[in-house]
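Written below as structure tokens is the structure these notes are about.
The values are calculated or read from the model by the stated rules, or taken from the named source; none is laboratory data. These numbers come from a predicted model, not from an experiment. Cβ coordinates were reconstructed from backbone atoms using ideal geometry, including for glycine residues, and neighbour counts include every protein chain displayed.
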Amino acid sequence: VCYLCIAANTCLGRPSVFRLCENRQGTLRCPKGKVIVVAYANYGRTAKGVCRHNSIKTTRCYSSKSKILIRKACHGENKCALNARNSVYGDPCYGTYKYIEVLYHCDTQVGCLYVFRLCENRQGTLRCPKGKVIVVAYANYGRTAKGVCRHNSIKTTRCYSSKSKILIRKACHGENKCALNARNSVYGDPCYGTYKYIEVLYHCV
């Protein structure tokens, strides 16, 4: 699946970070002539040191629909206005002060951002065409949607394995192809009782 056309034969490098504290509005923007390529987006909290506040009950707070809404607002645009409110994204962790966090690149509009998914307990190969290599934009082993890898055992759609991103990048980044194994023994079990899957957003450059 091609999500967005971006410049081919370009190494995107380390993404930029945009953060917006709860109840604030802000604009994410790229330089003139470039568009936003969203690698990761969340409304919630994953660290204590960002948007400091007295009300922090958890740092494992993710809004599954925030990723969809932020991508819809920003992906492929030169700039986009964001509003960090529960009324927009829901309240994924009541009593915790939240923030929007977006990892993104600015690039010109040519080429493709692809998606690779692999259901739990399966093996698969992520690959690019001959002569090109994989640039991983986002990777997770867990579950962020009900409609992917459908199963009777789904207790949550806010399931993220922090080490999966590191391990998948290590295996795939800069390679023409890489073998992946969607198992708890590899990435741990971030949400016991929920059937999980690997999801990778990547470029071929």
Select from the range 100-132 the residues that are among the aromatic types (Phe, Trp, Tyr) and surrounded by 21 or more Cβ atoms within 10 Å (Cβ to Cβ) and write down the one among them that is nearest to the chain's Cα centre (by Cα).
-> 104
Restricting attention to the range 133-145, and to residues there that are of a type outside the set (A, V, I, L, M) and modelled with pLDDT of 90 or more, which single residue is surrounded by the fewest Cβ atoms within 10 Å (Cβ to Cβ)?
-> 144
Among the residues of the range 174-186, is there at least one that is in the same structural domain as residue 131 (by the TED database), modelled with pLDDT under 95 and surrounded by 16 or more Cβ atoms within 10 Å (Cβ to Cβ)?
-> no
Out of all the residues in the range 52-61, is one or more surrounded by 17 or more Cβ atoms within 10 Å (Cβ to Cβ), in contact with an Asp or Glu (Cβ under 6 Å, 6 or more places away or on another chain), at negative phi and not assigned by the TED database to the domain that holds residue 137?
-> no
Name the residues in the range 62-77 that are crowded, with 16+ Cβ neighbours inside 10 Å and more than 14 Å from residue 44 (Cα to Cα), would you?
-> 71, 73, 74, 75, 76
Look at the range 185-205 and say how many of its residues are in contact with a Pro (Cβ under 9 Å, 6 or more places away or on another chain) and within 25 Å of residue 156 (Cα to Cα).
-> 1
